[in-house]
Amino acid sequence: MGVLHARHRPLQAFLLFTAGRGALAGTLAPAPELLRLDETAHRLDLVRRGRAAAERVDEVSREKLRAYLDGFAAGLERSGLPFELRALLARFEAPDIPALMSGLLLSAYLGLAEGQARMERLLVEAVQAGASTEVLAQMFAPHLDGWSPETMRRLDLGRDGGAHAAVGGSNAWAVAPERTREGRAILAGDPHLGIGQLPALFFEMTVRLPNDYWLGATIPGLPSVAVGRNRRVAWSGTFAVADNVDAFVEEIVGSRASGDPIVERRVDVARRGLGPMSLAFYETPRGTLDGAPRDGAMRAVSWSGAERPEEAIVAYFALLEADSAAAAERALEGAHTLSLHFVLADRGGDVRYKQVGCIPRRTGGWSGLYPSARDDHAWDGFYRGARLPSSGPHEGMVVTANEARRAPDGGVLSTFGLAPYRRDRIRALLRDGGPHDIASMQRIQLDLFSRQAERLRPRLLAALDEGPLRAALAAWDLRYSAGSIGAHAFEIAYRAALRGLASVLGGAWFEARLESTEVRIWWSAALDRALSDDAIWAGPVGAAIAQKLDDVRRAVPARWGDVQRLELRHLMFGGLPDLFGFDRGPYPLVGSMATVCQGDVVQIGAGRVHVGPAYRFVTDLGEDCAYTSLPGGIDGSRFSPTYDRWLDDHLAGRSHRLAPPPV
């Protein structure tokens, strides 16, 4: 794996190692975005955590990590640095085991735990902007039970560090032999992430072992297979939307927080071509303060996923060698770092679900969604391993799509679970279709029907006066195809309705956040719950929504593929004129955030994240192959003929056959 990552994707791997060390600005350039990433890595104390994890790793895993690093060095020596790396005129530090550990932690945080932290912050901002606490409590019920809006209003939130990534959503499912044409288990996975980059996020590889093989998608810089299989077992996961970031209210008086000493931690961050920048972080026993201590109420924030990443490395190594779905489930009990729903299937026909991660067990009935100042709200251990949900098939299938699940003892694991539109649609297609085979699974992965629109269109039609928008919405088949005019009509009306909710969610503050953050995704279940509420429509909020809809009723919708467009830009040289050949697009980006085949463009600050299928994987466990697709190619160099090898096929919904190397 190390050889292949160095030979074909060295830039991505080096970026991950360097980001984990908090050294991007010193290695590349003191650009604001790179400085913010370095600040995030140091705020999370990833350098120290990576070193500590490297010291704790067992000797067998250490040998495997060294093999990966030796392979990486050998791959660089054989192939040399590609033009893109040489053009940066940067000296990347050679990776080591601490950098691998820190990179794993950072990849688990960005867009995932990071999004949870940002959305909890936005909840406080909403209260401070004048949002109705009664409406918020209804939208997020029961997770705001016991909260103190008055405490939220007086919190000093410090500076908003912004976002680095946006989460989309993923699908994974498996069907038992009784539901398949050949009587064998089939597994399908398609993680949906930011796809507006080249080289593609994932690097596909096949590995031949003496008595086994591995094939599937890897992340350059990490020695494992994220979505894939060996001879006997296949696996794929979705983000579990776990609430593993919590904020505690600290009463600051001088150098003490709620009576405890505040510990200052200073870090000097290198800046290429400039002097170092000194950063200060302030720690309490409950977490890291939002900024420098100021008398009054502040938040201290903690992330439970940072616990013992070396155990996650051991777990993912064991997953590669699992000989059954049951063995894979046992292996994954140590995968504490990333919060995921896993689907597993094996050659014997067993299909299973297992949640992994590390989520706080909270006392006093606290959900963790809001910052709490109560003494009876604390962490009392963690949900991880066997304390997280697992199950076998229901109706001959296992399906996951970023849903919220409860712990076996009823504890809260997720406070921002996405609405069940994709999961319910997949279950219906699996249940009503069949017997299933590779082709039927691929058709489901490409499905563009929106259950969200099915649920909300009647409300919108009832509030819309006659006009081109209403006509297009009424005639729509509820599919987000490239040529659909109704899809654009729904999005115009839906987003107008969301702006109408601003009247009780913070007014201009909420409208601005809709346009500049990922709140539309993370709060989607709560927002759609509000838009489905008769009481909302019957009162003054309904009048505000109706006014926003009236403002757009004369809008003339266009073809969806002309409105939502995908642009793929090179990681470092994106945006150069076309003659340099680094970028691709624009292309139609079909789907929505609620369709099985997702497509979404999320505005985050001044930038945009294009969310879509970052990998498609389908495998019949009775065969020694898989059928896959990814939006890119093999080599990360723009001068390689394989730079965008599979992009056209991916956009057209076609796949290629992935098989083990010949003996």
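The values are calculated or read from the model by the stated rules, or taken from the named source; none is laboratory data. Quick caveat: nothing in here was measured; it's all calculated off a predicted structure. Methodologically, a virtual Cβ is constructed for each residue, glycine included, from the backbone with ideal geometry; neighbour enumeration extends over all protein chains shown.
Somewhere in region 558-577, is a residue aromatic (Phe, Trp, Tyr), in a loop (DSSP other than H, G, I, E, B) and either free of Cβ contacts under 8 Å to residues at least 24 places away in the same chain or farther than 23 Å from Trp476 by Cα (or both)?
yes
Which residue pairs have Cβ atoms closer than 6 Å, lie 6 or more positions apart in sequence or on different chains, and pair a first residue in region 383-397 that is at negative phi with a second residue that is of a type in the set (A, V, I, L, M, F, W, C)?
Going by the 6 Å Cβ cut-off, the qualifying pairs are Tyr383/Ile359; Tyr383/Ala407; Arg384/Cys358; Pro393/Ala176; Pro393/Val351; Met397/Val175; Met397/Leu430.
Give me the residue from region 543-557 that is touching a helix residue (DSSP H, G or I) at 6+ places or on another chain (Cβ under 6 Å) and in a helix (DSSP H, G or I) and, out of that set, farthest from Leu24 (Cα to Cα).
Among those that are touching a helix residue (DSSP H, G or I) at 6+ places or on another chain (Cβ under 6 Å) and in a helix (DSSP H, G or I), it is Ala546.
Take region 498-518 and flag every residue that is surrounded by fewer than 22 Cβ atoms within 10 Å (Cβ to Cβ), under 23 Å from Ala113 (Cα atoms) and in contact (Cβ under 8 Å) with a residue 24 or more places away in the chain.
Result: Arg513, Glu515, Ser516.
Kindly provide the set of residues from region 404-430 that are in contact with a strand residue (DSSP E or B) (Cβ under 8 Å, 6 or more places away or on another chain), surrounded by fewer than 20 Cβ atoms within 10 Å (Cβ to Cβ) and not hydrophobic (A, V, I, L, M, F, W, C), ordered by number.
Arg405, Arg406, Gly411, Arg427 - these are the residues of region 404-430 that are in contact with a strand residue (DSSP E or B) (Cβ under 8 Å, 6 or more places away or on another chain), surrounded by fewer than 20 Cβ atoms within 10 Å (Cβ to Cβ) and not hydrophobic (A, V, I, L, M, F, W, C).
I'm trying to understand the selection: among the residues of region 153-164, which are within 21 Å of Glu518 (Cα to Cα) and not charged (D, E, K, R)?
Across region 153-164, the qualifying residues are Leu157, Gly158, Gly161, Gly162, Ala163, His164.
Applying the selection to region 330-346, what residues are over 28 Å from Ser302 (Cβ atoms) and buried (at least 21 other Cβ atoms within 10 Å of the Cβ)?
Val343, Leu344, Ala345, Asp346, listed by residue number.
Can you pull out the residues in region 516-529 that are farther than 20 Å from Val541 by Cβ and assigned to a helix (DSSP H, G or I)?
Scanning region 516-529 gives Ser516, Ile521, Trp522.
In region 472-496, which residues are outside any helix (DSSP H, G or I) and farther than 18 Å from Val601 by Cα?
Trp476, Asp477, Leu478
Pull up region 429-471, narrow it to residues that are part of a helix (DSSP H, G or I) and among the polar types (S, T, N, Q), then point me to the one that is farthest from Ile545 (Cα to Cα).
Ser440
Identify, by number, the condition in (1) in contact with a Ser or Thr (Cβ under 6 Å, 6 or more places away or on another chain); (2) crowded, with 22+ Cβ neighbours inside 10 Å; (3) aliphatic (A, V, I, L, M) that Ile262 doesn't meet.
Result: Ile262 passes all but (2).
Considering region 288-328 alone, what residues qualify as being among the charged types (D, E, K, R), within 22 Å of Arg384 (Cβ to Cβ) and not in a helix (DSSP H, G or I)?
Passing the criteria: Glu307, Arg308, Glu321.
Can you tell which of Leu469, Leu460, Leu456 is surrounded by fewer than 22 Cβ atoms within 10 Å (Cβ to Cβ), closer than 18 Å to Val552 by Cβ and in contact (Cβ under 8 Å) with a residue 40 or more places away in the chain?
Just a single option satisfies the conditions, and that option is Leu456.
Kindly check whether there is at least one residue in region 581-597 that is of a type outside the set (Lys, Arg), without any contact (Cβ under 8 Å) to a residue 24 or more places away in the chain, over 30 Å from Gln442 (Cβ atoms) and surrounded by fewer than 23 Cβ atoms within 10 Å (Cβ to Cβ).
No, there is no match, as no residue in region 581-597 is of a type outside the set (Lys, Arg), without any contact (Cβ under 8 Å) to a residue 24 or more places away in the chain, over 30 Å from Gln442 (Cβ atoms) and surrounded by fewer than 23 Cβ atoms within 10 Å (Cβ to Cβ).
Looking at (1) at pLDDT 95 or above; (2) over 30 Å from Trp523 (Cβ atoms); (3) β-branched (Val, Ile, Thr), can you tell me which one Thr595 breaks?
Exception for Thr595: condition (2).
Which of the residues belonging to region 34-54 are free of Cβ contacts under 8 Å to residues at least 40 places away in the same chain and either touching a helix residue (DSSP H, G or I) at 6+ places or on another chain (Cβ under 6 Å) or farther than 16 Å from Pro98 by Cβ (or both)?
Once the filter is applied, which keeps residues that are free of Cβ contacts under 8 Å to residues at least 40 places away in the same chain and either touching a helix residue (DSSP H, G or I) at 6+ places or on another chain (Cβ under 6 Å) or farther than 16 Å from Pro98 by Cβ (or both), region 34-54 yields only Leu34.
Please list, ordered by first then second residue, the pairs with beta carbon atoms under 6 Å, 6 or more apart or interchain, first in region 192-206 and within 18 Å of Ala172 (Cα to Cα), second of a type in the set (Ser, Thr, Tyr).
Cβ pairs passing all conditions: His192/Ser170; Phe202/Tyr615.
Which one is nearest to Leu155 (Cα to Cα) among residues in region 287-330 that are without any contact (Cβ under 8 Å) to a residue 40 or more places away in the chain and of a type outside the set (Gly, Ala, Ser)?
Going through the qualifying residues, I end up with Glu311.
When you go through Ala29, Ala25 one by one, which is the residue that is of a type outside the set (Asp, Glu), within 23 Å of Gly636 (Cβ to Cβ) and part of a loop (DSSP other than H, G, I, E, B)?
Selected residue: Ala29, the only one of Ala29, Ala25 that is of a type outside the set (Asp, Glu), within 23 Å of Gly636 (Cβ to Cβ) and part of a loop (DSSP other than H, G, I, E, B).
Please give the number of the condition Arg608 fails out of (1) closer than 23 Å to Ala131 by Cα; (2) surrounded by fewer than 20 Cβ atoms within 10 Å (Cβ to Cβ); (3) among the basic types (Lys, Arg).
Against the list (1) closer than 23 Å to Ala131 by Cα; (2) surrounded by fewer than 20 Cβ atoms within 10 Å (Cβ to Cβ); (3) among the basic types (Lys, Arg), Arg608 comes up short only on (1).
This table checks each residue for (1) of a type in the set (Asp, Glu); (2) touching a Leu at 6+ places or on another chain (Cβ under 9 Å).
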residue	(1), (2)
Met139	no, yes
Pro142	no, no
Asp145	yes, no
Met152	no, yes
Gly169	no, yes
Ala185	no, yes
Leu198	no, yes
Leu215	no, yes
Ser224	no, yes
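With respect to the numbered conditions (1) crowded, with 20+ Cβ neighbours inside 10 Å; (2) touching a Ser or Thr at 6+ places or on another chain (Cβ under 8 Å); (3) more than 30 Å from Ala626 (Cβ to Cβ), which one is the sole condition not fulfilled by Phe83?
(1)
Can you pull out the residues in region 226-259 that are surrounded by fewer than 22 Cβ atoms within 10 Å (Cβ to Cβ) and under 24 Å from Ser367 (Cβ atoms)?
Those that are surrounded by fewer than 22 Cβ atoms within 10 Å (Cβ to Cβ) and under 24 Å from Ser367 (Cβ atoms): Glu251, Ser258.
Yes/no matrix, rows are residues, columns are (1) touching a helix residue (DSSP H, G or I) at 6+ places or on another chain (Cβ under 7 Å); (2) over 21 Å from Phe203 (Cα atoms):
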position: Phe582; (1), (2): no, no
position: Gly585; (1), (2): no, no
position: Arg608; (1), (2): no, yes
position: Val611; (1), (2): no, no
position: Asp620; (1), (2): yes, yes
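Can you tell me how many residues within region 133-158 are outside any helix (DSSP H, G or I), farther than 30 Å from His192 by Cα and either in contact with a strand residue (DSSP E or B) (Cβ under 7 Å, 6 or more places away or on another chain) or of a type outside the set (Phe, Trp, Tyr) (or both)?
So the count comes out to 8.
Under 8 Å between Cβ atoms, at least 6 apart or on separate chains: pull out the pairs that start in region 1-24 with a residue that is at positive phi and crowded, with 24+ Cβ neighbours inside 10 Å and end on any residue that is part of a helix (DSSP H, G or I) and small (Gly, Ala, Ser).
Gly22/Ala41
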